[in-house]
Amino acid sequence: MSKTWEHYHHAGRHHEKAAYHYHEAAKYYQAEELEKAAHHAYLAHGHHQQAIHHDAEAAKLHAERCDTPATPMATQGTEKKSVA
């Protein structure tokens, strides 16, 4: 499993957890249970920050992979060697 995929996977899980906690925070806020709402909002924020971190790491790894020029297999064996 590639590191890029792992970061995307972790980002997705943190996005899911953040969405859950935002939903719970909204539910508690509606019920005027502000302490519980604040707690869930805090947890949601933390998961959101982790998701952003993993998204950025995955994008960085992907960019590094794409910036590396690939040499076609057909030209690798046909390069002429200089005689010294």
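A single member of Ala11, Ala18 is at pLDDT 95 or above, closer than 19 Å to His62 by Cα, open to solvent by less than 100 Å² (accessible area, probe 1.4 Å) and in a helix (DSSP H, G or I), and it is Ala11.
Within segment 14-35, being in contact (Cβ under 8 Å) with a residue 12 or more places away in the chain and charged (D, E, K, R) holds for Lys17, Glu24.
Looking at the structure I just gave you, is Ala63 at pLDDT below 95 and not hydroxyl-bearing (Ser, Thr, Tyr)? Against the criterion (at pLDDT below 95 and not hydroxyl-bearing (Ser, Thr, Tyr)), Ala63 qualifies.
The values are calculated or read from the model by the stated rules, or taken from the named source; none is laboratory data. On a predicted model such as this, the values are computed, not experimentally measured, just so you know. Note that we place each Cβ from the backbone using ideal geometry, even for glycine, and neighbour counts take in every protein chain shown. For the accessible areas, the whole protein counts, side chains as well, though only heavy atoms, and no ligand, DNA or RNA atoms are used. Shrake-Rupley method; radii C 1.70, N 1.55, O 1.52, S 1.80 Å.
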